[in-house]
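The values are calculated or read from the model by the stated rules, or taken from the named source; none is laboratory data. Remember, it's a predicted structure, so these values are computed and weren't measured experimentally. Cβ placement follows ideal geometry from the backbone for every residue including glycine, while neighbour counts extend to all protein chains displayed.
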Amino acid sequence: MKRFVFSFVFGLLLISFTARADEGMWLPQLLNKLNENRMKSLGMKISAEDIYSINRGSLKDAVVSFGGFCTGEIISTKGLILTNHHCGFDQIQNHSSLQHNYIRDGFWAMNHAQELPNSGLFVTFIIRIDDVTTQVMNGVTKGMKESDRQALVDKNMAEVRKNAARMEGQDVFIRGFFEANQYYMFTTETYRDIRLVGAPPSSIGNFGKDTDNWVWPRHTGDFTLFRIYASKENKPAEYSKDNIPFTPKRALNVSLSGVEAGDFTMVFGFPGRTNQYLHSDVVKDIVEMSDPVKIMIRDKAMAVLDGFMRKDEMIKIQYASKYARISNAWKKWQGEVLGLTRTNGVAKKQAYEQTFQQRVNENAAWKTEYGNLLNDLSKTFAQLQPLSLARDYYTEIVSKIELYTISMQLNSLVSAFDKDGAAGYTKRLTTVVPMLEDFYKEYNAMVDQKVFEAMMPVYMEQNTAWQAPAVREAWTKANAEAGKMSPEIYNTWLNRGDEVMAFLKQSSDSVLKVLRADATIVFFKAMQSHYQSVVQTPINPVQAQMNALQRQYMQAQLEVMTDKTFYPDANSTMRVTYGQVNGYQPRNGVQYDYYTTLDGVMEKYVPGDYEFDVPEKLRQLYATKDYGPYGMNGTMPVCFIASNHTTGGNSGSPALDAYGNLIGLNFDRVWEGTMSDIYYDASICRNIMVDARYILFIIDKYAGAKHLVDEMNIVYPKKQATKKKKKKY
Ligand code: ARG
Ligand code: GLU
């Protein structure tokens, strides 16, 4: 008995020692080797094989890449997909007009016939993941020239792809991991008839807008519903009214048991890009130069857009999506700078590098091979830095000027013709036409001219070599006043979409003749080609050298820092991350709780406000506490946080409980922890999820779309667990 008590207490101790948050975005097919024990010790009740299996249905079969930029999950046997409101926002916007303002009012299909098709939208399933490192690296040797190495790797990859076994309709692609030290092949299946099923009004789906974005405590119901349609044979098919709702291999159960502090959670999805293994000099540059410059430029562009959007409902609809995209990264970079500064990210990287160097120096073989790596990285980055800063300036500036984009799209027809003749022109035209058609729908020349006027001083104020002489000339002629420079450039037929689209139907000869001579296109082209020659061309070899060094540094870290468990940087491939539900201390003396409720929505409510209005129906439900089976002790849970390590692309990712049931929908990270792409600090890095109970409450009680909830398989794992326990004793 004593021994039992002792080992029990000891066991508890062990658990509390190891029960800290876990960093990392893991490959699902390696969980059984690397993570399963750890996940179980944190409370997971299923096996790695239940999460990823190629032999039987597993959780991975219910998770899709949504359009290539977000994640979605299947939550019914009729192909219903759940993702974020901000992931489906382009579609909601495209279906919106002043008459049917789905952005403002929401949208709910009451039957299949009302579900709205979305051209261009797709979802991709991962069928299997295979390690192809040996085949891809075949013949690669250590001393090889970089360009030879790349050529060989490319050739090997093409070979592996060609020989890959796959079923009809499946695709394969290969990605490098750990800075191209390892390679995995993904076999995928893509569905292209994806219809909009339901969206809450923005005052729920984007409640708190930019003020609350990236911030905890949060009260946003950031979700949208879509449905996959397939051919009669349940196979991928282009849109057709004869397509039928897709029957998935696996759909997630939805748990109404709710979450408590300490509960195990995992997030399954397609994180986009992280940089966990950078040299400290690079991190320092991000904090001191790169992020601040990008923030400053976006400040100026956003001020212009915001001014128009507040005054004009039509412009607001047109520019809502663009504005949200620009402000999202703008705000994240601010959090990143703050977080890296507060956690001494640079100093910690430097300390890590010191340990690395020490270990390398103590081992003769390592010293020969890796002894100069850090030094070389630092030297190469010193070369790269001014060029990369110029690239940041240039891309930030021109990507805000929409007339630049229009001009460059049209100019690409000229380039295609000059390169590949008539065939090149015709091929290019097939992408330019639909691109511009879409683009003009959300283009307002008056707005863009003001953005141009805000961007030009930034372009000019840096007295650097990358300014195009033609632009400098125009600037001088206009007495350094953007407002005097812009009329000439913006007084153009390129502002009129209908005219441009009709023009593109003419013969290639006449099109090319006009495009080559157009003053606006010539102006932006001068800007672009000068940048190309003084920044883009010289940056390539330096970047290649930097990449090669980073690859060696990664390999060296894997070899030398054996007390650390490494995970590959995110690269838009499928990953699993896990952690526990928990609050955190944002700063000294302040403790944040792990969940929010509808009471908090009402606390933030500002009638008629652009960001914090609350729909009347929701206020009524709150007043009558009409929460149905979704409430908990008279309150309605809204959001919660946990220590899952996520990034952009994890939007719409399912948050799963210990059994793999859906408990929430990932959509953001907390302000203090947005630096986790570069440096993860377990004490303050948290991901933010909408509680599954709130989602179902909105669908059922708010929208009256109970038929959608009826499609789902609802479970109460906690009740079942207590019942089981009771039976035992
Ligand atoms: N910050 C989240 C993400 O990176 C949410 C963005 C959408 N919400 C918003 N208010 N813009 O995507
Ligand atoms: N909102 C982000 C997205 O669109 C996810 C949040 C994050 O970056 O962690 O993917």
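For segment 204-215, what are the residues that are over 18 Å from the mean Cα position of the chain (by Cα), surrounded by fewer than 24 Cβ atoms within 10 Å (Cβ to Cβ) and assigned to a loop (DSSP other than H, G, I, E, B)?
Within segment 204-215, just GLY208 meets the criteria.
Which is away from ligand 1 (no atom under 16 Å from the Cβ), more than 30 Å from ARG273 (Cβ to Cβ) and not in a helix (DSSP H, G or I), of ASP626, ASP681, ASP700, ASP710? Before the answer, list the steps.
On the way: ASP681 fails: more than 30 Å from ARG273 (Cβ to Cβ); ASP700 fails: not in a helix (DSSP H, G or I); ASP710 fails: not in a helix (DSSP H, G or I).
Going through ASP626, ASP681, ASP700, ASP710 in turn, just one is away from ligand 1 (no atom under 16 Å from the Cβ), more than 30 Å from ARG273 (Cβ to Cβ) and not in a helix (DSSP H, G or I): ASP626.
Which ones in segment 536-572 are surrounded by fewer than 16 Cβ atoms within 10 Å (Cβ to Cβ), part of a helix (DSSP H, G or I) and among the β-branched types (Val, Ile, Thr)?
THR537
Can you tell me which residue in segment 302-347 is farthest from ligand 2 (Cβ to nearest atom), limited to those that are among the charged types (D, E, K, R) and more than 26 Å from LEU98 (Cβ to Cβ)?
In this case the residue turns out to be ARG342.
Is segment 35-45 home to any residue that is modelled with pLDDT of 95 or more, more than 16 Å from ligand 2 (Cβ to nearest atom) and under 19 Å from the mean Cα position of the chain (by Cα)?
Taking every residue of segment 35-45 in turn, none turns out to be modelled with pLDDT of 95 or more, more than 16 Å from ligand 2 (Cβ to nearest atom) and under 19 Å from the mean Cα position of the chain (by Cα).
Quick one: count up the residues across segment 449-467 that are hydrophobic (A, V, I, L, M, F, W, C) and either farther than 20 Å from VAL522 by Cα or modelled with pLDDT under 95 (or both).
Number satisfying all stated conditions: 5.
Could you count how many residues in segment 284-314 are in contact (Cβ under 8 Å) with a residue 40 or more places away in the chain, among the aliphatic types (A, V, I, L, M), out of contact with any Ser or Thr (no Cβ under 7 Å at 6 or more places or on another chain) and crowded, with 19+ Cβ neighbours inside 10 Å?
5
So, in segment 210-258, how many residues would count as being at pLDDT 95 or above and either polar (S, T, N, Q) or within 16 Å of ligand 1 (Cβ to nearest atom) (or both)? Can you show your working first?
As a first pass, look at segment 210-258 and keep what is at pLDDT 95 or above: 212-258.
With either polar (S, T, N, Q) or within 16 Å of ligand 1 (Cβ to nearest atom) (or both) added as a condition, the list becomes 212-224, 231, 234, 240, 243, 247, 253, 255, 257.
Residues in segment 210-258 being at pLDDT 95 or above and either polar (S, T, N, Q) or within 16 Å of ligand 1 (Cβ to nearest atom) (or both): 21 in total.
Identify the single condition in (1) crowded, with 20+ Cβ neighbours inside 10 Å; (2) closer than 28 Å to ILE539 by Cβ that VAL360 does not satisfy, given that it satisfies every other one.
(2)
Just checking, which of THR464, THR405 is more than 21 Å from TYR319 (Cβ to Cβ) and out of contact with any helix residue (DSSP H, G or I) (no Cβ under 6 Å at 6 or more places or on another chain)?
Values: THR405 fails: more than 21 Å from TYR319 (Cβ to Cβ).
THR464 is the lone residue from the list that is more than 21 Å from TYR319 (Cβ to Cβ) and out of contact with any helix residue (DSSP H, G or I) (no Cβ under 6 Å at 6 or more places or on another chain).
Every residue in segment 393-420 that is over 23 Å from LYS300 (Cα atoms), touching a residue at least 60 places away in the same chain (Cβ under 8 Å), in contact with a Phe, Trp or Tyr (Cβ under 9 Å, 6 or more places away or on another chain) and aliphatic (A, V, I, L, M), please. Steps first, please.
Pass one, segment 393-420, residues over 23 Å from LYS300 (Cα atoms): 409-420.
Adding the requirement that they be touching a residue at least 60 places away in the same chain (Cβ under 8 Å) leaves 410-411, 413-414, 417.
Filter once more, keeping what is in contact with a Phe, Trp or Tyr (Cβ under 9 Å, 6 or more places away or on another chain): 411, 413-414, 417.
Hits for segment 393-420 are LEU413, VAL414.
ALA692 is checked against (1) of a type in the set (A, V, I, L, M, F, W, C); (2) crowded, with 23+ Cβ neighbours inside 10 Å; (3) within 16 Å of ligand 2 (Cβ to nearest atom); (4) more than 18 Å from MET39 (Cβ to Cβ) and fails just one. What number does that condition carry?
(3)
Consider PHE612 carefully, then state whether it is more than 16 Å from ligand 2 (Cβ to nearest atom) and either closer than 28 Å to GLN276 by Cα or in contact (Cβ under 8 Å) with a residue 60 or more places away in the chain (or both). Walk me through how you get there before you give the answer.
Values: more than 16 Å from ligand 2 (Cβ to nearest atom): yes; either closer than 28 Å to GLN276 by Cα or in contact (Cβ under 8 Å) with a residue 60 or more places away in the chain (or both): yes.
Criteria met by PHE612.
Check segment 156-172 and report whether any residue there is under 30 Å from GLU672 (Cα atoms) and surrounded by fewer than 20 Cβ atoms within 10 Å (Cβ to Cβ). So that I can check it myself, show each step before the final result.
Initially, segment 156-172 is screened for residues under 30 Å from GLU672 (Cα atoms), giving none.
No, segment 156-172 has no match at all.
Out of the residues in segment 379-401 meeting the condition of being in contact with a helix residue (DSSP H, G or I) (Cβ under 6 Å, 6 or more places away or on another chain) and β-branched (Val, Ile, Thr), tell me which one is farthest from VAL471 (Cα to Cα).
THR380
How about segment 65-105: which of its residues are within 16 Å of ligand 1 (Cβ to nearest atom), among the small types (Gly, Ala, Ser) and either in a loop (DSSP other than H, G, I, E, B) or farther than 20 Å from THR124 by Cβ (or both)?
Once the filter is applied, which keeps residues that are within 16 Å of ligand 1 (Cβ to nearest atom), among the small types (Gly, Ala, Ser) and either in a loop (DSSP other than H, G, I, E, B) or farther than 20 Å from THR124 by Cβ (or both), segment 65-105 yields GLY67, GLY68, GLY88.
Are any residues in segment 338-378 over 17 Å from MET554 (Cβ atoms), in contact with a helix residue (DSSP H, G or I) (Cβ under 9 Å, 6 or more places away or on another chain) and of a type in the set (Val, Ile, Thr), and if so, which ones?
Answer for segment 338-378, where residues must be over 17 Å from MET554 (Cβ atoms), in contact with a helix residue (DSSP H, G or I) (Cβ under 9 Å, 6 or more places away or on another chain) and of a type in the set (Val, Ile, Thr): THR341, THR343, VAL346.
In segment 276-285, is there at least one residue being within 15 Å of ligand 2 (Cβ to nearest atom), modelled with pLDDT of 95 or more and not acidic (Asp, Glu)?
Looking for residues that are within 15 Å of ligand 2 (Cβ to nearest atom), modelled with pLDDT of 95 or more and not acidic (Asp, Glu), one finds at least one in segment 276-285, hence yes.
Among the residues that make up segment 115-127, is at least one of them surrounded by fewer than 19 Cβ atoms within 10 Å (Cβ to Cβ), modelled with pLDDT of 95 or more and of a type in the set (Phe, Trp, Tyr)?
Yes: one or more hits.
Out of the residues in segment 641-669 that are farther than 15 Å from TYR694 by Cβ and charged (D, E, K, R), state the one that is nearest to ligand 1 (Cβ to nearest atom).
Of everything passing the filter in segment 641-669, ARG669 is nearest to ligand 1 (Cβ to nearest atom).
Taking segment 455-481 as the region of interest, how many residues are assigned to a helix (DSSP H, G or I), of a type outside the set (S, T, N, Q) and surrounded by fewer than 17 Cβ atoms within 10 Å (Cβ to Cβ)? Spell out the reasoning first.
Initially, segment 455-481 is screened for residues assigned to a helix (DSSP H, G or I), giving 455-461, 469-477.
Among the residues that remain, those that are also of a type outside the set (S, T, N, Q) are: 455-461, 469-475, 477.
Now narrow it down to the ones that are surrounded by fewer than 17 Cβ atoms within 10 Å (Cβ to Cβ): 457, 461, 469-470, 472-473, 477.
Going through segment 455-481 one residue at a time, the tally reaches 7.
Quick one: is SER58 within 16 Å of LYS249 (Cα to Cα), surrounded by 20 or more Cβ atoms within 10 Å (Cβ to Cβ), modelled with pLDDT of 95 or more and within 16 Å of ligand 1 (Cβ to nearest atom)? Spell out how you get there, then give the answer.
On the way: within 16 Å of LYS249 (Cα to Cα): yes; surrounded by 20 or more Cβ atoms within 10 Å (Cβ to Cβ): yes; modelled with pLDDT of 95 or more: yes; within 16 Å of ligand 1 (Cβ to nearest atom): no.
When the stated conditions are applied, SER58 does not pass them.
Name, by its number, the condition in (1) more than 20 Å from the chain's Cα centre (by Cα); (2) more than 16 Å from ligand 2 (Cβ to nearest atom); (3) buried (at least 18 other Cβ atoms within 10 Å of the Cβ); (4) part of a loop (DSSP other than H, G, I, E, B) that does not hold for GLU179.
(1)
Which condition number does GLY608 fail, the rest of (1) in a helix (DSSP H, G or I); (2) more than 29 Å from the chain's Cα centre (by Cα) being met?
With respect to (1) in a helix (DSSP H, G or I); (2) more than 29 Å from the chain's Cα centre (by Cα), GLY608 is out only on (1).
Just to be sure I understand the filter: pairs with C-beta atoms under 9 Å, separated by 6 or more residues or on different chains, first member in segment 325-349 and part of a helix (DSSP H, G or I), second member among the charged types (D, E, K, R) and within 12 Å of ligand 2 (Cβ to nearest atom). Which pairs pass?
LYS332/ARG669; LYS332/ASP677; GLY335/ARG669; GLU336/ASP677
I'd like the full set of residues that are touching a Ser or Thr at 6+ places or on another chain (Cβ under 8 Å) and of a type outside the set (D, E, K, R), limited to segment 573-611.
We begin by selecting, within segment 573-611, every residue touching a Ser or Thr at 6+ places or on another chain (Cβ under 8 Å); these are 574, 577-582, 584-585, 597-599, 611.
Passing the criteria: MET574, THR577, TYR578, GLY579, GLN580, VAL581, ASN582, TYR584, GLN585, THR597, LEU598.
Keeping to segment 661-678, report how many residues are assigned to a loop (DSSP other than H, G, I, E, B) and buried (at least 24 other Cβ atoms within 10 Å of the Cβ). Don't jump to the end; show me each part of the working.
At the first step, the residues of segment 661-678 found to be assigned to a loop (DSSP other than H, G, I, E, B) are 661, 670, 678.
This time we only want the ones that are buried (at least 24 other Cβ atoms within 10 Å of the Cβ), so: none.
Counting residues in segment 661-678 that are assigned to a loop (DSSP other than H, G, I, E, B) and buried (at least 24 other Cβ atoms within 10 Å of the Cβ) gives 0.
Scan segment 637-659 for residues that are assigned to a loop (DSSP other than H, G, I, E, B) and either surrounded by fewer than 24 Cβ atoms within 10 Å (Cβ to Cβ) or within 16 Å of ligand 2 (Cβ to nearest atom) (or both) and report the count.
Residues of segment 637-659 assigned to a loop (DSSP other than H, G, I, E, B): 643-653, 657-659.
So of that shortlist, the ones also either surrounded by fewer than 24 Cβ atoms within 10 Å (Cβ to Cβ) or within 16 Å of ligand 2 (Cβ to nearest atom) (or both) come out as 643-653, 658-659.
Counting residues in segment 637-659 that are assigned to a loop (DSSP other than H, G, I, E, B) and either surrounded by fewer than 24 Cβ atoms within 10 Å (Cβ to Cβ) or within 16 Å of ligand 2 (Cβ to nearest atom) (or both) gives 13.
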